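What follows is a single structure, written as structure tokens, with notes after it.
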Amino acid sequence: MNLVFVSHRVCGPRCMRFGRIGIGALAFFLFVAVPSLAWYAGYQLGGAGLNKGPDEMSEAWREALHSQRAELADARRNAEENLNALALRLGEMQARVIRLDALGQRLTRMAGLEEGEFNFDAAPAQGGPEQGADGEPIAVEDFMARMDRLAQQIEDRGQQLAVLEEMMINRNLQDEVFPTGRPIDGGWISSRFGQRTDPFSGKLEHHDGVDFAGRAGSDVIAVASGVVTWAGDRWGYGRLVEINHGNGYVTRYGHNQDILVEVGRTVKKGEVVAHMGSTGRSTGPHVHFEVLRDGRRVDPKQYIYASR
């Protein structure tokens, strides 16, 4: 066997001859010795970590298992903390919703809305066609952000409804204390406010109220809520009931047969305070009705017809 070597340093090629023994030795070196040496070196360098003993392997597995258990415990603890915080927020929102429901029911009654128009015991009516299963699941961050926005909206609505309730209460209170309507259920107007011929002297005099004639003993009712400031005899009025309604308003009911209230008592609008009579300077059963505004007698007509 001849091997030809070519070198840049040598001007021409050189040839080497091998016999059968040389050829066998060369083949053994190339195909057996060299691979064996490479395998052994790789085994010693890269596989040394795989040749640990049973104790070392067991210790490594224990360390890995302990680390995984610790990570799992941290994850579980974080999940429980988040769940507790979420449950606390949910409880706060439920309490606020219950308060809003109660407030809404109270406002519904105050506003005189029909029963069933706003039912706070049932969920709001909603619907619509299904859009398929293409929706994306909500992420935890988006869910928490929506929870925060919802809590803020509930708080804002609660404050708004509280202000609305206060306004409605004030309005109802104003309606209660503002004189409106007639002091009797039946009867008729026998004398109006203003200049008239006096029934006793025949002279032209000013009449400070409106007279309602009717059946003796019929009910005399308060035209507004207030506090009784006079309940007894008074010159010219006979048996008189006087009620202070606040905001400068006072009403008087004269010539009563008997009085059913006493001074200092609080009366409600529409409550019976006396019975019609003809006491004092009177020609027959009637109620002399006066309205005073800031201490000055005014025409009761605008208050009598205000309820219309």
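The values are calculated or read from the model by the stated rules, or taken from the named source; none is laboratory data. If you're wondering where the values come from, they're calculated on a predicted model, not measured in any experiment. Reconstructed Cβ throughout: ideal geometry from the backbone, glycine too, with neighbour counts over all protein chains shown.
Mind checking which residues of region 69-113 are basic (Lys, Arg) and under 21 Å from the mean Cα position of the chain (by Cα)? Within region 69-113, Arg89, Arg96, Arg99, Arg106, Arg109 meet the criteria. Taking each residue of region 76-87 that is loosely packed, with under 10 Cβ neighbours inside 10 Å and looking for partners that are in a helix (DSSP H, G or I) and of a type in the set (Phe, Trp, Tyr) with beta-carbon atoms closer than 9 Å, six or more apart or interchain, yields nothing.
State yes or no: is Pro199 over 19 Å from Val263 (Cβ atoms), in contact with a strand residue (DSSP E or B) (Cβ under 6 Å, 6 or more places away or on another chain), assigned to a loop (DSSP other than H, G, I, E, B) and of a type outside the set (A, V, I, L, M, F, W, C)? Criteria not met by Pro199. So for region 216-225 (the condition being touching a Phe, Trp or Tyr at 6+ places or on another chain (Cβ under 6 Å), in the same structural domain as Ser282 (by TED's automatic domain parsing) and assigned to a strand (DSSP E or B)), does at least one residue qualify? For region 216-225, residues touching a Phe, Trp or Tyr at 6+ places or on another chain (Cβ under 6 Å), in the same structural domain as Ser282 (by TED's automatic domain parsing) and assigned to a strand (DSSP E or B): present. Once region 234-243 is narrowed to residues that are assigned to a strand (DSSP E or B) and out of contact with any Ser or Thr (no Cβ under 8 Å at 6 or more places or on another chain), the residue that is surrounded by the most Cβ atoms within 10 Å (Cβ to Cβ) is Val241.
Considered as a group, the residues in region 244-278 that are touching a Gly at 6+ places or on another chain (Cβ under 6 Å) and surrounded by fewer than 18 Cβ atoms within 10 Å (Cβ to Cβ) include one that is nearest to Val227 (Cα to Cα), and that residue is Asn244. State yes or no: is Gly194 without any contact (Cβ under 8 Å) to a residue 60 or more places away in the chain and either touching a Cys at 6+ places or on another chain (Cβ under 7 Å) or at positive phi (or both)? Spelling it out, it is not the case that Gly194 is without any contact (Cβ under 8 Å) to a residue 60 or more places away in the chain and either touching a Cys at 6+ places or on another chain (Cβ under 7 Å) or at positive phi (or both). The strands (runs of 3 or more DSSP E) located wholly in region 255-308 that include 1 or more residues which are in the same structural domain as Arg215 (by TED's automatic domain parsing) and touching a residue at least 60 places away in the same chain (Cβ under 8 Å) occupy 272-276, 286-293, 296-298.
Listed here are the residues, each with its yes/no results for (1) within 30 Å of Gln160 (Cα to Cα); (2) outside the structural domain of Met168 (by TED's automatic domain parsing); (3) at pLDDT 75 or above.
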residue	(1), (2), (3)
Tyr43	no, yes, no
Asn51	no, yes, no
Glu59	no, yes, yes
His66	no, yes, yes
Met93	yes, no, yes
Leu100	yes, no, yes
Ala111	yes, no, no
Ala125	yes, yes, no
Glu130	no, yes, no
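Does Gln160 meet the test of being out of contact with any helix residue (DSSP H, G or I) (no Cβ under 8 Å at 6 or more places or on another chain), under 30 Å from Arg96 (Cβ atoms) and surrounded by fewer than 13 Cβ atoms within 10 Å (Cβ to Cβ)? So Gln160 passes the test. Exactly one residue out of Val272, Val287 is aliphatic (A, V, I, L, M), out of contact with any helix residue (DSSP H, G or I) (no Cβ under 8 Å at 6 or more places or on another chain) and farther than 26 Å from Pro199 by Cβ, and it is Val272. Within region 198-220, the set of residues being surrounded by fewer than 11 Cβ atoms within 10 Å (Cβ to Cβ), free of Cβ contacts under 8 Å to residues at least 60 places away in the same chain and over 19 Å from Gln302 (Cβ atoms) comprises Ser201, Gly202, Lys203, Leu204.
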